[in-house]
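Let me begin by presenting the structure, written as structure tokens, before commenting on it.
The values are calculated or read from the model by the stated rules, or taken from the named source; none is laboratory data. Just so it is clear, the model here is predicted, and its values are computed rather than measured. Note that each Cβ is placed from the backbone with ideal geometry, even for glycine, and that neighbours are counted across all protein chains shown. To get the accessible areas, we keep the full protein, side chains included, count just its heavy atoms, and leave off ligands, DNA and RNA. Shrake-Rupley method; radii C 1.70, N 1.55, O 1.52, S 1.80 Å.
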Amino acid sequence: MERKRAPWRKLDNAAKIFPATSGRNDTRVFRFYCELKEEIKKDVLQKALHKTVEKYPVFLSVMRKGVFWHYLEKSHLNPIVEEEWKEPCSDIYVRDKKSLLFEVTYYKNRINFEVYHALTDGTGATLFLRELVKNYLLLSHKNEVIKDIPLGNECITVQDQEVDGFEKYYSPKIKKEKEKKQKAFQLKKNKQNRFQMEIVEATASTEEVLKKAKEYGVTMTVFLTAVMFSAIHKEMSKTEEKYPVKLMIPVNLRKLFPSESMLNFFGWIEPCYQFGQGKDSFEDILIYVKKFFQNELNTQRMAEHMNEWIALEKNPFLRLTPLELKNVCMQAGAKLAEKELTAVFSNMSIVSMPKEYEKYIYRFGVYTSTGKLELCACSFEDKLSFGFTSRSDAENVIRNFFDILLELGIKVKIENPAYPDKKEQTELSKKLFQYFSFLCIVGVTLTFGINSIISTGMYWALFVTGLICSTWIVFVVGFKKRHNLLKNGMWEMLLITLGCVLWDVATHWKGWSIGYVFPIAIMCIIVFMLTTIKIQRLNAKEYIVYLLMAGIYGTMVPFVILLTNIVENTIPSLICVMFSFLLLVALVIFKKEEVMQEMHKKFHI
């Protein structure tokens with residue numbers, strides 16, 4: 001199975017936006033968890049995890065950055081189980097750091113599976129967690145001889161798991177009419193704790209909710225969507241009713257377009273209700289939502305939506321736009337889209353397990369990091385779990401949601417799951433950066449103070465300040481790129497050479513920067529890269545691109561300097577050109593296949 005796995009793959013259509021828009025305010029991470037009726041054993045969970053990734057190896061991937069798009073690369077990193085210690089849905093994807101895009105943690109009787117959304121969606125996460133829980137129960141209760149019951153189609157191959165559903169079902173013939181966008185009602189942001197995510201969990205009887213939904217002649221999702229609309233409306237003033245309330249409802253496209261893919265394969269619909277027009281009752285809202293779902297939740301309409309998203313991705317101009325510019329555009333687009341949305345409701349539906357395993361499980365639950373108010377729901381047996389997350393002032397909306405359910409005869413239990421005390425992250429490099437920045441400011445302040453006291457008529461403090469600022473910039477870049485030493489080396493080479501040229505210009509051009517510092521710095525950085533590769537025993541795919549960039553830079557720039565005769569001593573530049581050129585030749589001769597593979601990955605459009 002593993003042998004047939006692709007060494008790298010493109011991001012699916014839904015995943016492409018996540019690397020550009022994830023950050024401290026929204027990590028794009030969601031948590032699926034399972035509460036057992038027993039304490040979790042770390043060593044057993046670790047064995048269960050290894051067994052699970054053998055079945056779903058597509059999860060063993062790291063994010064890489066190309067010229068035009070991000071992509072996922074096969075990894076041999078081993079996932080390590082840890083006891084939970086940080087805030088739920090914290091950062092998993094760290095730029096420049098080659099790490100897995102999911103984490104498995106535990107605390108008391110809870111198994112947590114957190115995953116970066118670019119890797120999979122709710123369906124993929126559900127399949128993974130179910131398999132993980134099954135493997136854990138089999139290992140922890142092996143003396144009880146529990147049957148190993150397949151949880152799905154055992155004939156599914158890794159190729160099936162890696163199928164891009166968007167690409168498979170895309171048809172340029174299916175067009176969608178453009179819809180007018182409008183600003184939606186917005187909940188107020190929590191300015192005091194804007195980076196802190198509030199989590200509220202609750203449970204209700206699945207049977208009670210289904211019974212009430214059937215009384216109204218609707219599905220559970222339609223019923224809960226109407227409750228969500230009504231809960232938000234209770235917090236709106238009369239003047240705010242001029243803005244419609246718009247919800248995003250994710251849709252599992254596998255139910256409409258058959259697929260066994262473990263990648264993202266979801267769409268969404270956006271019911272939008274205008275209050276203040278005399279039809280604000282719960283029944284009025286239900287009628288609207290039911291009709292909206294009937295019109296939108298069908299193969300034709302979802303195909304139109306899906307093809308609209310993919311057509312944008314396939315635009316020739318967009319495909320050839322450099323990734324950094326794409327990121328800026330996607331970030332701007334995400335900001336605009338936020339204003340057109342009020343909240344999100346995601347119903348993950350039923351999480352089922354064989355009867356043999358049910359007696360060990362208390363419940364499943366899910367919630368996600370979000371910049372908006374978001375409600376996630378899933379059911380296991382007769383427990384319907386709600387997970388509210390928000391960085392807005394949404395406490396009253398959540399209270400209203402539960403109150404409405406109670407008014408409709410549905411009992412709600414607020415869950416207070418156990419969480420560990422937050423541990424301070426005492427990262428040495430972070431402390432070092434803070435102290436260094438402070439010392440630089442102290443240095444600049446003292447320099448100007450001494451210069452003013454002495455009053456020599458020469459503001460040498462400006463030059464010292466320039467030196468301190470240059471050192472700080474080099475240090476900051478080194479700190480930001482610390483997760484990738486080779487990329488760090490490339491940035492330092494560019495900064496040092498450019499900085500020296502600027503200093504040379506500022507001090508009445510002598511030519512020392514391009515005659516000596518420039519070629520020597522390039523050669524030193526290349527030697528640093530080669531040493532790092534040797535010490536860290538890096539694979540060719542991890543260093544080829546950086547050596548190519550350094551070789552091209554070290555060959556072309558000093559060569560141009562030699563041609564223009566702008567330096568008196570040409571020996572350093574000549575040695576640099578020869579050294580860099582031989583590096584390029586060695587890469588082409590000895591690593592030709594790896595070079596071609598990396599170029600294909602980095603420049604795929």
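Quick notes on this one:
- Accessible surface, segment 1-42, averaged per residue in Å² (probe 1.4 Å): 46 Å²
- Rolling a 1.4 Å probe over the protein heavy atoms of segment 439-570, with every protein chain left in place, gives an accessible area that is 75 percent carbon and sulfur.
- Using the Cβ-Cβ distance between Lys173 and Glu381 with R0 = 35 Å, the FRET efficiency computed as 1/(1 + (r/R0)^6) comes to roughly 0.20.
- Ligands, DNA and RNA left out, the 1.4 Å accessible surface of segment 315-390 is 63% carbon and sulfur atoms.
- Helix 122-140 and the longest principal axis of the Cα set of the chain meet at an angle near 80°.
- Solvent exposure of segment 449-565 amounts to 56 Å² per residue of accessible area, where only protein heavy atoms count and the probe is 1.4 Å.
- Given the alternatives (1) 77, 54, 43; (2) 91, 59, 54; (3) 73, 62, 43, Cα extents along the principal axes in Å as computed for this entry is given by (2).
- About its Cα centre, the dipole of the chain is roughly 860 debye, where the only charges are +1 on Lys and Arg Cβ and -1 on Asp and Glu Cβ.
- Only Lys, Arg, Asp and Glu carry charge here, each on its Cβ (+1 for the first two, -1 for the last two); on that basis segment 278-400 has a dipole of about 200 debye about its Cα centre.
- Nearby aspartates and glutamates by direct alpha-carbon distance to Lys97 (threshold 15 angstrom, same-chain neighbours under 8 apart not counted): Glu73, Glu542
- Carbon plus sulfur fraction of accessible area for segment 39-110, probe 1.4 Å, in percent: 50 percent
- On the beta carbon distance between Asp43 and Tyr419, with R0 = 35 Å, the FRET formula returns roughly 0.95.
- The length gained by stretching the chain between Asn315 and Ile575 to full extension, at 0.36 nm per residue less their Cα-Cα distance, is 89.1 nm.
- Helical content of the chain, expressed as a calculated mean residue ellipticity at 222 nm, amounts to -15000 deg cm²/dmol (DSSP H runs of 4 or more residues, -39,500 (n - 2.57) each, divided by residue number, nearest 500).
- The distance between label points at Leu336 and Gln196 comes to 3.5 nm (points 7 Å beyond Cα on the Cα→Cβ vector).
- Options Leu439, Leu467, Phe32, ranked by Cα towards positive dipole end of the chain, top entry (Cβ charges): Leu467
- R0 of 30 Å, Cβ-Cβ distance Val501-Gln434: FRET efficiency to nearest 0.05: 0.50
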